[in-house]
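Encoded as structure tokens, the structure appears first; notes follow it.
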Amino acid sequence: MITSTQNKLLHALLAQANLTAQKANLIHGTTNGRTEKSSELSNFEANELIRYLRTKQPQLSTNGLDVKADKMRKKILSFAWQMNWTYTNTKRAVVCDIKRVDTWCEKYSYLHKPLNKYTYQELPRLLTQFEAVYNSYINAI
């Protein structure tokens, strides 16, 4: 059966590839229709799905910088959330409007590219820039 480490990695890769909504379909295909639950994957099936998801996100590495970069991205998304850059999704949950963040990044950020395209080395400057936007928002209200 799938290990907890594999399961965590699988879910992280699904999120980074923006495929979380397709999880059941991907697992169904990987297991030839046997299951749609990640907890029921075999070790081999989990590795196959992880290998596939890594090809969808070739910039991902396993050197620990991804975790640090994700923390900075989450801080930016937290600022966006606090500025009410949100919408209600189909499940009636209020979620951060990542498309709005990406649009802002492409238009105003120093490298003019979407949030997830920033590398670990580039993110500190972007975070500082976005924090200034957040502080301006806070000072205005």
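Inside segment 88-136, can you point out the residues that are under 17 Å from the mean Cα position of the chain (by Cα) and hydroxyl-bearing (Ser, Thr, Tyr)?
Thr103, Tyr118, Thr119, Tyr120
Within segment 78-124, count every residue that is in contact with a Phe, Trp or Tyr (Cβ under 7 Å, 6 or more places away or on another chain), touching a residue at least 24 places away in the same chain (Cβ under 8 Å) and not in a helix (DSSP H, G or I).
Selection size over segment 78-124: 1.
Please specify each residue of segment 17-47 satisfying the condition of being under 14 Å from Asn7 (Cβ atoms), over 19 Å from the mean Cα position of the chain (by Cα) and not β-branched (Val, Ile, Thr).
Lys37, Ser39, Glu40, Leu41, Ser42, Asn43, Glu45, Ala46, Asn47
Can you report the number of residues in segment 96-120 which are at pLDDT below 90 and aromatic (Phe, Trp, Tyr)?
Summing the residues that are at pLDDT below 90 and aromatic (Phe, Trp, Tyr) in segment 96-120 gives 1.
The values are calculated or read from the model by the stated rules, or taken from the named source; none is laboratory data. Just so it is clear, the structure is predicted and the values come from calculations on it, not from any experiment. Cβ sites come from the backbone with ideal geometry, for glycine too, and all protein chains shown count toward neighbours.
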